[in-house]
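Notes follow the structure.
Derivation of every value follows stated rules applied to the coordinates shown; laboratory data play no part. Because the structure is a prediction, the values reported are computed rather than measured. Cβ: placed from backbone, ideal geometry, glycine included. Neighbour counts: every protein chain shown.
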Amino acid sequence: MTLPDGWEMVVGLEVHTELLTRSKLFCGCANHFGSEPNTNICPVCLGLPGSLPVLNREAVDFAMRIGMALHCTIAPSTFHRKNYFYPDQSKDYQISQYDLPINSGGYLDLPDASRVAIERAHMEEDTGKSTHLGGSGRLAGADSSLVDYNRCGVPLVEIVSGPDIRSSAQARLYAAELRGILIATGASDGRLEEGSMRFDANVSVRRPGAPFGTRCEIKNLNSLRSLQRAIDYEALRQIELIDGGGVVRQETRHWDENRGETSTLRVKEDADDYRYFRDPDLVDLAPDQAWQDRVRAALAPMPAARRAAVVALLAAPSEAQLDAVEVVIDLGLERYVHGVAAAGGDAALAVARVANELAADVDHVANLPVDAFVSTLAMEQRGELSATQAKTVLGEVLRHGGDPRAIAAARGFEQLSSDTLGATVATLIASNPDEWSRYRDGDDKLAQFFIGQVMKLTRGQANGKAVIAELQARR
Amino acid sequence: MKSATQIAADVRSGTSSATAELERTLTVIEQRNAELNVFLYVDVEGARAAAAQIDARVARGEDVGPLAGVPIALKDNLCQVGVPTTCSSKILDGWRPPYNATVIERLLDAGAVAVGKTNLDEFAMGSSTENSAFGPTRNPLDPSRVPGGSSGGSAAAVAADMTAVSLGSDTGGSIRQPAALCGLVGVKPTYGLVSRYGLIAFASSLDQIGPFAKTVADAALVLEVLAGHDARDSTSLPEPAPRLVAHVNDGVAGRRIGLVRELFDGADESVVASVRAAADALRAAGAEVVEVSIPELALTLSAYYLIAPAEASSNLARFDGVRYGLRVSAEDVTAMMEATRTAGFGAEVKRRIMLGTYALSAGYYDAYYGQALKVRTLTIDAFARAYQRVDLLLGATTPSVAFALGAKTADPMTMYLNDVFTIPTNLAGDPALSVPFGTGEAGLPVGVQLLGPGRSEARLFAAARVLEIADGRP
Amino acid sequence: MSDALSRDDVAKVARLARLVLSEDELDLYTEQLGQILEHARDMNSLDLTDVLPTAHPFGVTNVVREDVVTPSLDREVVLAMAPHAVDHRFAVPRILGEAP
Ligand SMILES: [Mg+2]
Ligand SMILES: [Zn+2]
């Protein structure tokens, strides 16, 4: 979508991601999505009187990994209390990092070569979850609510971008790239549908070069599509408002996915006085160089570097091939491509097979060791397997495991070994001398005749290219 | 009555039994609790079962620990599994914790018998135990007077010979002040020496749990059991528990002790006389006593009455009627929270919640809370400078002896001034204790206060023991 | 330091703290809190510009626990404490607005 002429949108994103720790941020309760309500709660996360928080080391490691991946400075930090009354917040305050976050001042480079500043990436705790009874099941109009505190105290990192994003497409690209990074760090599973990653968008509009306009915050966007649509809607709404002589009010807005529009949730007011102060139950966090080095050493390569490494294996890749590379990187399956390339195989073929066949059954890749993939593609390249057969073999190994050669043999694909093919071609030459001599004299069309005959004899399991190679060899 | 040290020795040797000691305690409680209002809850069945178990273990020849069979009273802001825990507030109506405070686990592991929960100023906010939703506690030495507060119930339990020892909590003097007013030894340990896990917070950066006892040795015995690192409290000191009992008789020979003008100026004459007599006694025992002045201490009361309420306003937010305790019904959740908190909290608690909310709110943070944190820095630095020159400090615990019920309830500031000598060490995080020395008006006991740098408890007990002997309690 | 505490300040603070005050209480607390804050002005007798604030007397840093799951509370015990529970959850009257 493009904005009306003479307008520019200014967007900053706040991304909350849950961390993949075993236990919660400040207690030993399981950090587990989908448990029976109120089964992962203890005195600490339920805020019982007298209970005290103790920080989870692994959550700090994950937070630092995220900061390092985003080129942030890691600095001594503290925990504050953000005070507000709300039933899903068991202590009626949230423990969060405030003026001294663990990570600040980084950036994220996007695949379109733009750079978005990362202001901070700080640690905080998640809240519980309420279900609303009566009315539409939404908050508005409900008679009462039921609270489940299982999620209360789950570790979060909140990543705050600078106001550097200028289109909804760029916002989406940023969110997708960040998601890839979070998954690559091992800190997050990136599962948007389970709410383990959530987006808030700050949107304002202005004439290019003018000062920033008043911004509105759209809360709790939980898919890349909603993020993009909501930003577009909100930017247009603000432009129309201003064009009609109105003024944008600073407020928090809700995105209604079904109606495709945002609406006012809360106007900024007095009540937003969170009375932040240092949490006296927690001590300063200042990971020393050794701790930071340990975390950095364990950090896996990020998507951008991995993407570049795969693209480098391809000669003049097409758009479609680059898209396929993206799928490979998203799924974290480039080890298969590198395996094939290392064995001298066809990296482009490997990318295609991973982006299609492996992607289709990604839950079972554990059944497919890299060397099995490499040997399957080698058989295909040598003509021992047709493309269809190679795909069949990969599908079979993914589903049940096993040795590709044995599977090919069991299915009768082994008849297509080069010896067998050679013998078949020799027989056909002997029994079709006229056709053979015309072919030898340069009538390439007759190759199709021989391929058809070979297919007939091998019940369609031959590789056309291999047949031509065989004919060429004997020409 | 028998000291805790003696009870434990008797129970371990078989001379007495945990059951016999407990029954004696229950008898005294039965006789005096109605008049004094010391215990909010007596866990008769639980205590009898625990005593019987200790006796059985002794009979099997097991070592049941240093507090074998010692009945102990617990301030009712400590969480004990299954036992009503109220903080003397209506807002915790009916709540029974599903977990034990670390100090309670340590007491029980050491063989103590938890007798019941004692009265306090609601959420430990007060200096007289008159701010209790369950009525005031009276001073056993003169029931027309207050026992001090906020741990007034725990002080009265020991002063009335109900138990030999008890636990209190001290945020701005809530152990030392009632100890002084009831003629007891009361200890506020170094911040972090005793785990706060399971202590219902008033002001987290100031709160410390500590013992009441009739003797210095008993106080050392109990504190030694309580102290030591606890992984459940992030502010727990990392080192293991210090040895305290072994140092009680170390004396003060060669110690330099500073008599702090700001810690007795303005106190009643009899109190000042006791402090000066205590200085003489320490000098007689071989200490060098010098007069010192720490002018920064004059500002600590103001800083305290912003810092403590600020933390309290946040700590007490969780009492909202959603998960436990009182709920007053209303149409929507905000109205329910308001109705619950309005009905559940007493006037002093509301006053401090509002004061703290104000001190932290936008536009006032720097002027009040921020400024108070700077005064805290000055206080810490001033004490640190003093401890470069002396080993311990000496002063009064309270400006007067026990005062009459109702004498200081009209105006909050009058009551707050009671804590003027005890507050400074809470801000600094340093240890201090009160030990009875001499008498004042109406023959009531006076407490003198000994203060030391962080982790100097053993030194404090040794000096207190010198005063105990000099005061005629060998 | 700011001007004297007003009745409106107290009303606002009570709202923030989820307390309801009667008109009489509002008067009383305005006076009492005003006195305490007035006393606090003695902190202005010193120049504290260059003094760093201390939020906590505790000097230890980096206190962490290992990422190990420990048993949670029994749900029935927890819900038995609740003023009102429905369907294994804590029940509250309707919530008027979203969390901030
Ligand atoms: Mg946040
Ligand atoms: Zn928990």
Legend entry - Across B:K408/C:K12; B:K90/B:K408; A:K219/A:K268; A:K445/A:K465; A:K129/A:K219; B:K188/B:K214, pairs whose alpha-carbon gap is larger than 18 Å: B:K408/C:K12; B:K90/B:K408
Inset, instruction - With both partners inside chain B, how many of the DSSP beta bridges are antiparallel, as a percent to the nearest 5? - result: 65 percent
Inset, instruction - Report the charge-dipole magnitude of segment A:231-284 in Debye, nearest 20, computed about the Cα centre from +1 at each Lys and Arg Cβ and -1 at each Asp and Glu Cβ. - result: 140 debye
Legend entry - Coarse-grained scattering of chain A at q = 0.08 Å⁻¹, given as base-10 log I(q)/I(0) from a Debye sum over alpha-carbon atoms: -0.64
Inset, instruction - Going by C-beta contacts inside 10 Å, put B:D230, B:D268 in order with the fewest on the left. - result: B:D268, B:D230
Legend entry - segment B:320-474, dipole about Cα centre (Lys/Arg Cβ +1, Asp/Glu Cβ -1), debye to the nearest 20: 280 debye
Legend entry - DSSP bridge pairs, the protein assembly as shown: antiparallel proportion in percent, nearest 5: 80 percent
Inset, instruction - Going by C-beta contacts inside 10 Å, put A:F212, B:F202 in order with the fewest on the left. - result: A:F212, B:F202
Legend entry - Cα-derived Rg over Rh, computed across chain B with Rh taken as Kirkwood radius: 0.96
Legend entry - Given charges at Cβ of Lys, Arg, Asp, Glu: chain A dipole, positive-most of A:L377, A:A117, A:N220: A:L377
Inset, instruction - Mind grabbing the base-10 log of I(q)/I(0) for segment A:1-44 at q = 0.13, 0.24, 0.25, 0.32 Å⁻¹? Debye formula, identical points on the C-alpha positions, no solvent, two decimal places. - result: -0.51, -0.94, -0.98, -1.18
Legend entry - Estimated FRET transfer efficiency when R0 is 22 angstrom, pair B:E45-B:S13 (beta carbons, to 0.05): 0.20
Inset, instruction - Could you check the simple spin-label distance between A:K268 and C:N44, using points 7 Å along Cα→Cβ, in nm with one decimal? - result: 3.0 nm
Inset, instruction - Quick one: grab the alpha carbon gyration tensor of segment B:268-327, order the square roots of its eigenvalues as a ≥ b ≥ c, and give me rounded if a/c is under 1.5, else prolate or oblate depending on whether a/b is larger than b/c. - result: prolate
Inset, instruction - Of the DSSP beta bridges with both residues in chain A, give the percent that are antiparallel, rounding to the nearest 5. - result: 95 percent
Legend entry - Shape call, the protein assembly as shown: gyration tensor on alpha carbons, a/c limit 1.5: prolate
Legend entry - About the Cα centre, charge dipole magnitude for chain A (Lys/Arg +1, Asp/Glu -1 at Cβ), debye: 620 debye
Inset, instruction - Determine ³J(HN,Hα), in whole Hz, for all residues of segment A:69-83 in sequence, where each value follows from phi through the Karplus function 6.51 cos²θ - 1.76 cosθ + 1.60 and θ = phi - 60°; x replaces Gly and Pro. - result: 5, 9, 6, 7, 8, 9, 9, x, 9, 9, 10, 10, 9, 9, 8
Legend entry - Förster radius 30 Å - calculated FRET efficiency between A:A305 and A:S35 (Cβ-Cβ, nearest 0.05): 0.25
Inset, instruction - Read phi for every residue in segment A:343-353 and hand back ³J(HN,Hα) as whole Hz from Karplus 6.51 cos²θ - 1.76 cosθ + 1.60, θ = phi - 60°, with x for Gly and Pro. - result: 8, x, x, 8, 4, 5, 5, 4, 4, 5, 5
Inset, instruction - Determine, for B:W95, A:W7, the number of other Cβ atoms within 10 Å of each Cβ, and report the residues in order from fewest to most. - result: A:W7, B:W95
Inset, instruction - When a/c is below 1.5 the answer is rounded, else prolate if a/b is larger than b/c, else oblate, so apply that to segment B:51-141 with a ≥ b ≥ c taken from the square roots of the Cα gyration tensor eigenvalues. - result: prolate
Legend entry - Estimated FRET transfer efficiency (B:M1, C:T70; beta-carbon r; R0 30 Å; 0.05): 0.10
Inset, instruction - Enumerate the amide H contacts of B:S16 below 5 Å, restricted to partners 5 or more residues apart or on another chain; note that Pro and chain-start residues carry no placed amide H. - result: B:V11
Legend entry - Cα-Cα separations in segment B:4-247 greater than 23 Å, expressed as whole percent: 42 percent
Inset, instruction - Just the ratio, please: alpha-carbon radius of gyration of segment A:418-474 over 2.2 N^0.38 Å, N its number of residues. - result: 0.99
Legend entry - Segment A:A315-A:F212, length gained on full extension (0.36 nm per residue, minus Cα span): 32.6 nm
Inset, instruction - Identify, among B:A9, A:A309, B:G406, the residue whose Cα sits farthest towards the positive end of the charge dipole of the protein assembly as shown, taking +1 on the Cβ of Lys and Arg and -1 on the Cβ of Asp and Glu, with the dipole about the Cα centre. - result: A:A309
Inset, instruction - In a Gaussian network model over chain C where Cα atoms closer than 10 Å are linked, find which of C:A55, C:A11, C:A85 has the largest mean-square fluctuation. - result: C:A85
Legend entry - Descending semi-axes in whole angstrom, ellipsoid equivalent of segment A:204-361, from the Cα gyration tensor: 43, 28, 15
Inset, instruction - Mind giving me the nanometre distance, one decimal, between the label points for B:A273 and C:V77, set 7 Å out from Cα along Cα→Cβ? - result: 5.6 nm
Legend entry - P(r) histogram, all alpha-carbon pairs of segment B:227-290 included - 10 Å bins from 0, percent: 19, 27, 25, 25, 4
